[in-house]
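Note sheet for the following structure.
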Amino acid sequence: MVSSQNENRLLSSEGDSQRTQYPYVTGTSVIGIKYKDGILMAADMGGSYGSTIRYKSVERLKQVGKHSLIGASGEISDFQEILRYLDELILHDNMWDDGNSLGPKEVHNYLTRVMYNRRNKFDPLWNSLILGGVKNGKKYLGSVSMIGVHFEDDHVATGFGNHLARPILREEWREDLTFEEGVKLLEKCMRNLLYRDRSAVNKLQIAKITEEGLTISQPYSLKTFWNFAAFQNPTVGAEGSW
Amino acid sequence: MTKEHANWSPYDNNGGTCVAIAGADYCVIAADTRMSTGYSILTRDYSKISKLADKSFMASSGFQADVKALQKVLSSRHLIYQHQHNKQMSCPAMAQLLSNTLYYKRFFPYYAFNVLGGLDSEGKGCVFTYDAVGSYERVGYSAQGSGATLITPFLDNQLKSPSPLLLPAKDAVTPLSEAEAVDLVKTCFSSATERDIYTGDSVEIIILNANGVRRETEQLRKD
């Protein structure tokens, strides 16, 4: 009994708590962009259990305090724990009751320290996070990975989004995107992910945060187009394949 | 019983190249601004250079989270030093602090490849080069990071540094002028960009001299 428990531990000794080895229920890509009035973020609502799409109503975009929005991919239970940490952070910030409030840059820095600290203990929170917000007119969009690698940019993505969405954003993102243009751009990226990421589900939310406040859309689906010539006769260039 | 292996690594290499050249009365510190992971580019304008003190700039490549943590530790130690001694740390002092900080984590290293550049107390350029666990020496010029193997032979050829085996020890700082050194650095980076996939996008160059600090940016190939 004892020896099989010990086999599950990573470089551990007697008194150590269990360390995360691999994720169980995971969310896939999150994409975030800056636009004229603030930040737009998109994520689907899938929670995969390995190759099964187990949950289809997982909210992976959440508000943080007055000025920030967090989107998470990776282990959902670790995201829920991060939300608890953030809850406490915002609570203490409010309890100072000094008229000041943590902005997105501060929240991003806090998250970076939390993720890096867990990585140092060999017990990572298995998430890639995107943190966006607006404070005093300044837009901020940053990313943190599970080992603490962090940066800010005009557009960010996690997981497959880095491979499928970032190239689209590099071509088509502009500083002065309107809300409608921003949503269209995000939908284009999400559609691309739907076609090519097997853990994507066709039920997504788009969140918008501006100086005025935050709105997270109701879940909706994207129209997909399967009448591309390449999909009609897929084996025409390679007879015998399927 | 076979030991179970980790399926994640606490390290990643976010790439990039750093260079520093010491002159008679100036120092040039440069690093590209690309941050990568695997075969992806995360961002094209990320600064790898950190101002540790008035006369000390550190350029670091490697694992970005460790680099940031290292920069934070050194900044905060410098702040404490200033409170205790009412003056800025000299570049050689910062060099020793960096070495000690790196060795402190000898058995779980900061995966950071550093080049420290600045002016010593006589106003002469000084460059210190490090490995990940704190071995360091003062040199006339150095390159670290993914493009270092491409740049170092080129600098050896161009800067004709005297042999470190000579006695009495000959000064390693280059006789080149500041403008020539900056131009040399730009050439180094455009060449390294051609062949190293992790180097590119743009190069950030800091020039330190008696008049203060100057910053230049030069665009590089983005492929």
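No value in this document is a laboratory result; all are computed from the given coordinates. Please read all numbers here as calculations on a predicted model, not as lab measurements. FYI the Cβ positions are ideal-geometry reconstructions off the backbone, even for glycines, and counts take in every protein chain you see.
Under 18 Å Cα-Cα from B:LYS105, which lysines qualify once same-chain neighbours fewer than 8 residues away are excluded?
A:LYS121, B:LYS68, B:LYS72
Choose one answer from B:TYR110, B:TYR198, B:TYR46: the residue with the largest mean-square fluctuation in a GNM of chain B with alpha-carbon springs under 10 Å.
Most flexible of the set in this elastic network: B:TYR46.
Using R₀ = 41 Å, calculate the FRET efficiency as 1/(1 + (r/R₀)^6) where r is the Cβ-Cβ separation of B:VAL213 and A:GLU81; round to 0.05.
0.45
May I ask you to derive the relative contact order of chain A, considering only C-alpha pairs under 8 Å and at least 6 residues apart, and to give it as an integer percent?
Value for chain A: 24 percent.
Just tell me how shielded B:125-136 is by partners: mean number of partner chain Cβ atoms within 10 Å of each residue's Cβ, no decimals.
0
Spin-label point model (7 Å from Cα, Cβ direction): what's the B:LYS222 to B:SER190 distance in nm?
Spacing of the two 7 Å Cα→Cβ label points: 1.8 nm.
Which of rounded, prolate or oblate describes chain B when judged by the alpha-carbon gyration tensor and an a/c cut-off of 1.5?
Verdict is oblate for chain B.
If one puts a single equal scatterer on every Cα of segment A:115-196 and applies the Debye formula without solvent, what log₁₀ I(q)/I(0) results at q = 0.21, 0.24 Å⁻¹?
Per q value, in the given order, log10 I(q)/I(0) is -1.04, -1.18.
Using the alpha-carbon centroid of each, what span in Å lies between segment A:94-157 and segment A:197-242?
A separation of 28 Å, based on Cα centres.
Give me the inter-chain shielding for A:143-150: mean count of other chain Cβ atoms within 10 Å, whole number please.
Shielding by partners across A:143-150 averages 6.
Per DSSP H run of n ≥ 4, the term is -39500 (n - 2.57); total these for chain B, divide by its residue number, and report the mean residue ellipticity at 222 nm rounded to 500 deg cm²/dmol.
Calculated from helices alone, the mean residue ellipticity at 222 nm is -10000 deg cm²/dmol.
From the P(r) of segment B:1-127, can you give the percent of Cα pairs sitting at distances over 18 Å?
Distances greater than 18 Å cover 57 percent of the Cα pairs.
Only four residue types carry charge here, +1 at the Cβ of Lys and Arg and -1 at the Cβ of Asp and Glu. Report the dipole size of the protein assembly as shown about the Cα centre in Debye, rounded to the nearest 20.
The dipole of the protein assembly as shown has a size of about 500 debye.
Counting only C-alpha contacts under 8 Å and six or more residues apart, can you give the relative contact order of segment B:49-203 as a whole percent?
18 percent
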